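The values are calculated or read from the model by the stated rules, or taken from the named source; none is laboratory data. Note that the structure is a prediction, hence the values are computed from the model and not measured. Positions of Cβ are backbone-derived with ideal geometry, glycine not excepted, and every protein chain shown enters the neighbour counts. To get the accessible areas, we keep the full protein, side chains included, count just its heavy atoms, and leave off ligands, DNA and RNA. Shrake-Rupley method; radii C 1.70, N 1.55, O 1.52, S 1.80 Å.
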Amino acid sequence: MAPPGALLDARTDISAPPEEAGWLTLGWWLIAAGTLGGLLMLFAQPGPPADAWAHPLSTAFRYANVSLALLIFLSGWNHQGHASSREMVLAFGFLGVGVLDFVQALSLPTMPDFVTSNTHQKALTLCIAARLLAAGVLLARVLMPERRFEREHRGGWLAITLALTLLVAATILSGHATLPPLVDSLGLRTTTGMLIETLVMLALLATLFLMILRERHRGWHGGLLLVAVAGMMVAELHWLLRDAAADLGHLLGLGFKVVACVALYRLAHLRNLRMPWMHLQQMRSELDEKQRFLDTLITEAPDGVLVVDEHGRIVSANKQLLNDFGYSEADLLGQPVEILLPAAQRQRHASERSNFAQAPYARPMGAMGAVSGACRDGSLLPVEISLGNVTIEGHRCAVAFVRNIEARRKLEEERAHLLSVLEESPDWVFQCTHELKLTYANPAAREAFAIGEQAVHLDTLFAEHAALSLPPEALFGSAMRNGVFSGESHLRCASRGRIPVSIVIVAHRDAHDVLERYSLVARDLSERVGWEQQLAHNATHDSLTGLPNRLVLTERIEQAIDQARRGRGLAALLFLDLDNFKLINDTLGHNAGDQVLVEVSDKLQHCLRQGDTLARFGGDEFVVVAPGLRDTEDATAIARKLLEALDHPVLIGETTVSVNASIGICLIPRDADSAETAMSHADQAMYRSKRAGRGHFRLYAPEHDGDTVLDVELAAELKRAVRDDNGELSLHYQPEVAIGSGNILCVEALLRWNSPRHGEVPPDRFVPLAEETGLILELGQWVMTRACQQLAAWQQAGIHTRMAINISVHELKQPDFAERLGKSVSEHGLTFDAIELEVTETALVQSLESTAENLGRLRALGMRIALDDFGTGYSSLAHLSTLPIDKLKIDREFVNGISHALNNRFIVEALIRLADQLGIEVIAEGVETHADLGVLGELGCESVQGWLFHRPMGGAACTELMQMRSPADA
Ligand code: C2E
Ligand code: CA
Ligand code: CA
């Protein structure tokens with residue numbers, strides 16, 4: 001659709017009819033041809049035309065001219081639109097010409113007399129008057145300035161024209177005889193006639209000249225006028241040169257005048273009727289176009305447009321309004337406007353509307369702000385209304401522009417929602433200018449950073465950057481280059497100081513890609529970092545004791561190896577395993593066990609230097625890495641210190657628990673060059689230490705390499721041997737004899753294992769293994785049964801002796817041990833006093849509390865308890881009186897070589913004396929020489945056991961031996 005401006009400009013130039021150019025050419029040709037024709041006729045002197053066709057033709061020409069003159073007048077009279085004074089001069093002028101021509105036609109000599117007697121003179125005078133008027137009118141039309149002619153004056157002008165013309169006609173009619181003659185009696189022009197004719201010609205020439213002068217610069221629009229003037233001139237030429245009533249020239253002159261009048265009529269018609277009509281048409285089409293434009297504008301307007309009449313009825317509603325409210329045009333037109341309001345507001349609106357109608361200017365119309373409209377389906381529509389007054393066809397109407405603001409409302413709600421998310425976010429949200437000047441901070445951020453009214457630069461909120469975090473200018477620089485930066489940094493919080501945060505910085509640019517501002521969202525990571533640290537700690541530390549775990553340990557060992565390699569002293573790896581920790585767990589429960597572990601770890605930790613590492617390796621195993629040592633002595637000193645620290649019992653609740661440990665030491669770099677081998681070697685050394693007796697330490701020795709591997713195999717083999725009972729296990733017996741008589745007092749059952757794979761395995765080797773693996777309980781049961789069987793067999797064979805059975809403290813700790821043992825003894829028909837139980841000193845002293853009850857019960861049954869290997873443990877002599885025992889077996893270590901080791905002799909002597917005082921029997925083990933036996937005898941020892949008398953022997957051999965002796969013994 002064209003904009004209104006273009007519409008108005010598109011108006012065609014209606015003052016220049018298209019045919020003008022053709023008429024112009026015709027005009028020039030006419031002048032040329034007419035002039036040439038006139039001259040030819042002057043010289044050729046053709047004869048007069050035949051009356052038969054010349055008379056009617058000239059009559060027709062005359063009346064045609066009269067008619068055309070009248071038509072020219074009528075065109076002017078009935079002009080459309082604004083009439084121009086030029087056209088009116090033409091119209092009224094030619095009315096006069098027409099009247100004179102008409103009167104002249106009536107006054108021809110060939111006609112009956114008109115008013116006065118018709119003469120040639122009378123007709124000619126009228127004719128000249130008409131031609132003079134026509135030429136004058138044409139000159140006036142050209143001379144006259146273009147001026148508007150008032151239509152209401154046309155009656156007056158008509159009257160004046162008619163009056164003047166009729167006056168002229170009347171004058172000529174009445175006085176033609178008295179007027180100076182224009183032709184003489186011969187029909188030739190008089191001087192007066194010639195003068196007037198020349199005047200007419202001059203007027204026409206002046207007209208032509210003026211036209212050329214005026215029209216030249218306008219590009220000759222006056223084609224029709226030119227034809228008219230030319231026609232008149234040619235006609236005049238013919239009359240001037242060859243005029244006689246019956247002449248051909250006269251006839252041609254009339255013909256050229258017809259041509260001129262036709263052209264003038266066309267001009268008058270064009271100017272007065274056709275052009276105004278075309279103009280009107282154009283205006284109408286422009287109006288239509290404008291109307292359509294306005295209609296489209298309203299129909300297609302993006303806002304609803306509603307027109308309501310003074311009675312409140314809807315008279316028009318555009319498409320958008322119908323769409324918004326869900327109505328069709330038919331539904332809405334003629335309805336009260338309240339139909340578009342929510343029910344609750346209708347009545348009030350109606351009364352307000354009628355008030356308004358009564359005093360329309362009391363309230364200014366205009367924007368009403370946001371209100372709710374009611375749609376056809378009853379839903380409410382948020383709208384913004386602006387009102388205006390219009391008058392349509394004399395009726396005052398209200399026009400309302402109704403803007404649907406639902407989408408905008410939603411957008412606003414969304415915005416508000418988003419803003420509330422920002423405002424309530426626990427994350428810190430900032431916005432700043434490109435110069436980092438803060439423009440927005442959400443409440444969380446304002447509180448955390450104590451941001452008040454004062455100007456703040458965002459970079460000042462960052463903490464002084466540590467080695468790992470980038471300075472703020474680097475962060476913002478990255479955001480500027482890449483659009484976004486995300487990473488971690490540290491901010492300086494008002495109350496909490498430096499805190500780790502994750503940040504996202506977004507750089508915002510305007511339409512020209514110029515950096516406008518930044519937004520920054522920061523999240524407090526302190527909790528997460530705390531968790532991470534905790535997790536990292538958990539991953540590397542034991543949860544119970546808080547000690548480093550294996551992971552850290554391996555690292556530290558590797559560091560220690562590294563240092564040692566670089567010559568910074570030795571390092572020691574001490575593998576510490578709590579002795580009998582399983583028993584603590586089993587008897588006191590896991591909580592107590594945990595407490596023991598914590599206490600132990602504390603105690604151990606206190607023994608260590610800075611730079612040493614104590615780690616919990618698993619269950620009851622601890623590892624110490626001690627770097628920077630000078631020699632082996634330093635390593636053993638640490639081991640001793642650790643054992644000493646554990647020497648004091650631990651108080652768990654009300655129970656005192658004595659804890660002991662065995663330690664294996666691996667020296668770095670001497671014994672190992674990797675963490676793995678160091679651990680494995682320390683472990684092996686620890687096992688050896690255990691086997692040697694608990695509460696000790698051992699250094700790793702390469703010659704024992706492989707022991708541990710074997711241990712696992714052996715333990716499995718032993719287990720199978722016990723379970724299958726396929727003869728691999730057997731009991732040997734070693735008698736104990738009285739020094740004086742040499743009598744066999746008792747026989748000690750000693751376990752033997754002949755493994756098909758490993759051959760004879762000594763009990764020193766497999767008994768500790770059985771204890772570690774828990775197999776000792778089954779193994780002990782097997783020994784007990786076998787010993788009882790043998791003793792029962794001997795008794796049946798009449799051999800009476802006591803059977804000494806070695807038991808492990810593990811067995812003694814079993815709550816039902818006394819009961820089971822008693823049962824086993826009774827089942828074999830034996831008396832309890834025939835059984836002596838040997839328990840090693842170290843084991844018994846360590847677990848006195850847990851074994852006291854069983855010991856008491858066994859003694860109550862009548863069984864004897866012997867303390868084996870006495871002297872190797874830690875119990876002091878003073879301790880002895882408190883122990884529930886009947887017999888002491890002095891360890892081989894003191895007995896062997898007593899004849900020449902003086903300190904042993906003193907010890908044994910003191911022992912014997914003390915035992916004597918306490919009423920405890922004493923026996924010396926491992927007597928191999930007579931010399932030693934002699935000393936023992938001197939010291940008052942009454943019984944001995946050793947190879948000097950009997951080696952351990954099989955059941956049959958022992959039976960035989962005892963049968964030999966028994967008559968005497970019995
Ligand atoms: P033990 O109870 O001290 O047994 C005495 C050990 O000394 C026996 O070694 C025995 O053969 C050895 N022996 C005896 N007289 C002499 C001597 O004059 N010179 C030397 N050098 N050794 C002598 P064996 O049989 O190898 O037993 C070693 C240890 O194994 C025993 O020491 C005992 O603690 C343990 N054991 C043996 N059988 C059993 C058993 O059935 N149950 C338990 N729990 N332990 C057992
Ligand atoms: Ca023994
Ligand atoms: Ca012994």
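Search the stretch 829-841 for residues being closer than 18 Å to Cys746 by Cα and part of a loop (DSSP other than H, G, I, E, B), and hand back the single one that is nearest to ligand 3 (Cβ to nearest atom).
Only one residue tops the list, namely Leu830.
So how many residues does the stretch 802-828 have that are closer than 26 Å to Ile744 by Cβ and open to solvent by 60 Å² or more (accessible area, probe 1.4 Å)?
Number satisfying all stated conditions: 2.
Can you tell me which residue is nearest to ligand 3 (Cβ to nearest atom) among those in the stretch 784-816 that are of a type outside the set (A, V, I, L, M, F, W, C) and assigned to a loop (DSSP other than H, G, I, E, B)?
In this case the residue turns out to be Ser808.
Within the stretch 629-654, which residues are crowded, with 16+ Cβ neighbours inside 10 Å, part of a strand (DSSP E or B) and modelled with pLDDT under 90?
Val650, Ile652
Which members of the stretch 938-958 meet the condition of being more than 16 Å from ligand 3 (Cβ to nearest atom), surrounded by 15 or more Cβ atoms within 10 Å (Cβ to Cβ) and not in a loop (DSSP other than H, G, I, E, B)?
Residues satisfying the conditions are Leu939, Met953, Gly955, Cys958.
Results for (1) among the β-branched types (Val, Ile, Thr); (2) free of Cβ contacts under 8 Å to residues at least 60 places away in the same chain; (3) part of a helix (DSSP H, G or I), shown as yes or no for each residue.
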| residue | (1), (2), (3) |
| --- | --- |
| Thr59 | yes, yes, yes |
| Leu74 | no, yes, yes |
| Phe92 | no, no, yes |
| Val97 | yes, yes, yes |
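Evaluate the following for Asn896: is it over 60 Å from the mean Cα position of the chain (by Cα) and either within 16 Å of ligand 3 (Cβ to nearest atom) or among the acidic types (Asp, Glu) (or both)?
Yes.
In the stretch 294-338, which residues are surrounded by 15 or more Cβ atoms within 10 Å (Cβ to Cβ), at pLDDT 90 or above and in a helix (DSSP H, G or I)?
Selection gives Gln320, Leu321, Leu322, Asp324, Phe325, Asp331, Leu332, Val337, Glu338.
Hey, among the residues in the stretch 471-488 that are among the small types (Gly, Ala, Ser) and part of a strand (DSSP E or B), which one's nearest to the chain's Cα centre (by Cα)?
Going through the qualifying residues, I end up with Ser486.
Residue by residue, here is whether (1) in contact with a Leu (Cβ under 9 Å, 6 or more places away or on another chain); (2) closer than 27 Å to Gly76 by Cα holds:
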position: Trp157; (1), (2): no, yes
position: Ala169; (1), (2): yes, yes
position: Met194; (1), (2): yes, no
position: Leu226; (1), (2): yes, yes
position: Glu236; (1), (2): yes, yes
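Please determine whether any residue of the stretch 863-883 is open to solvent by 40 Å² or more (accessible area, probe 1.4 Å), more than 26 Å from Ile912 (Cβ to Cβ), away from ligand 2 (no atom under 16 Å from the Cβ) and of a type outside the set (Lys, Arg).
No, the conditions are met nowhere in the stretch 863-883.
Go through the stretch 138-152 and count every residue that is more than 12 Å from Leu225 (Cα to Cα) and either of a type in the set (Ser, Thr, Tyr) or touching a Leu at 6+ places or on another chain (Cβ under 9 Å) (or both).
Looking only at that region, the number is 2.
More than 24 Å from the chain's Cα centre (by Cα) and of a type in the set (A, V, I, L, M, F, W, C): which single residue out of Leu491, Leu520, Leu544 fits that description?
Leu544
Would you be able to tell me the number of residues in the stretch 884-919 that are within 16 Å of ligand 2 (Cβ to nearest atom) and part of a loop (DSSP other than H, G, I, E, B)?
4
May I ask you to list pairs of residues, at least six apart or on different chains, whose Cβ atoms are under 8 Å apart, with the first in the stretch 287-306 being among the polar types (S, T, N, Q) and the second being open to solvent by 80 Å² or more (accessible area, probe 1.4 Å)?
Thr296/Met1; Thr299/Lys319
Tell me, please, whether a residue that is out of contact with any strand residue (DSSP E or B) (no Cβ under 6 Å at 6 or more places or on another chain) and within 16 Å of ligand 3 (Cβ to nearest atom) can be found in the stretch 913-925.
no
Sort through Ala721, Ala716, Ala749 and tell me the only one that's more than 30 Å from Cys666 (Cβ to Cβ) and assigned to a helix (DSSP H, G or I).
Among Ala721, Ala716, Ala749, only Ala721 is more than 30 Å from Cys666 (Cβ to Cβ) and assigned to a helix (DSSP H, G or I).
From Phe906, Phe870, grab the single residue that is among the aromatic types (Phe, Trp, Tyr), within 30 Å of His648 (Cβ to Cβ) and within 13 Å of ligand 3 (Cβ to nearest atom).
Among Phe906, Phe870, only Phe870 is among the aromatic types (Phe, Trp, Tyr), within 30 Å of His648 (Cβ to Cβ) and within 13 Å of ligand 3 (Cβ to nearest atom).
Taking the stretch 506-563 only, how many residues are open to solvent by 90 Å² or more (accessible area, probe 1.4 Å), assigned to a loop (DSSP other than H, G, I, E, B) and either touching a residue at least 24 places away in the same chain (Cβ under 8 Å) or farther than 24 Å from Asn591 by Cα (or both)?
Count: 3.
Do you know which of the residues in the stretch 739-780 that are open to solvent by 50 Å² or more (accessible area, probe 1.4 Å) and under 15 Å from Glu838 (Cβ atoms) is nearest to ligand 2 (Cβ to nearest atom)?
Asp764
Among the candidates Gln610, Gln605, which residue alone is outside any helix (DSSP H, G or I), more than 24 Å from Glu849 (Cβ to Cβ) and either touching a His at 6+ places or on another chain (Cβ under 8 Å) or not hydrophobic (A, V, I, L, M, F, W, C) (or both)?
After ruling out the rest, the residue left standing is Gln610.
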